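Here is the structure we will look at, set down as structure tokens.
The values are calculated or read from the model by the stated rules, or taken from the named source; none is laboratory data. All values derive from a computational prediction rather than experimental measurement. With ideal geometry, Cβ positions are generated from the backbone for all residues, glycine too; neighbour counts draw on all protein chains shown. Side chains are part of the model used for accessible areas, which takes the heavy atoms of the whole protein and leaves out ligands, DNA and RNA. Shrake-Rupley method; radii C 1.70, N 1.55, O 1.52, S 1.80 Å.
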Amino acid sequence: MRVVAGRFKGHPLRAPRRATRPTLDRVREALFSMLGPLDGLAVLDLYAGSGALGIEALSRGAARATFVDSDAAAARAVRDNLERTRAENAHVVRSDALGFLRNAGRRRERWDLVFCDPPYRLAARLGEPLSRMLEPVLAPEARVVCESSHRQPLELNLPLERERRYGDTRIAVYSRG
């Protein structure tokens, strides 16, 4: 696994030593082509795993990124990958995603681009709670990217902008609406 494009292009990324499912390089490349320019955006990477999505966004011009994962090994992997790339303006939080969103909403934090890549086995039942918790933290023109299995999709109660399928993987891009 490596950074596909931008300032950190080619840097290898380490995945945590647990059962993660890192987004394949080719899927990440297609996803970021769909998203277009990211210059100056504030990015939130929920269920960060290795942090590949948020790091890719930083590499392509995002201003800052927050990485959230409840697993200690994942948080260590993200920190290690940020150190390897020398990425700046990045913050790693070890927390469950819904609890993090609840607290961030109370603090009135906002993001322009949110990545949601939960474990496939949990994705289908996260749609309603994530939709509710994301609403207060989305900037006015925000987009939310969800990665899940096409068999058990993570579906948010937000306007669906685009949807693509890569093998078993479903990528859905939602807008704030």
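Quick rundown of the values:
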quantity: For the chain: accessible area per residue (Å², 1.4 Å); calculated: 47 Å²
quantity: Mean Cα-pair separation over length for the stretch 34-177, i.e. relative contact order, pairs under 8 Å, 6 or more apart, %; calculated: 20 percent
quantity: CD proxy at 222 nm, helix term only [per DSSP H run n ≥ 4: -39500 (n - 2.57); per residue of the chain; nearest 500]; calculated: -10000 deg cm²/dmol
quantity: Residues with amide H under 5 Å from that of ALA142, placed H, sequence gap 5 or more; calculated: ARG176
quantity: The stretch 84-177 - percent of accessible surface contributed by carbon and sulfur, probe 1.4 Å; calculated: 42 percent
quantity: Selection from GLY105, ALA75, VAL4, by position along the positive dipole direction of the chain (Cβ); calculated: ALA75
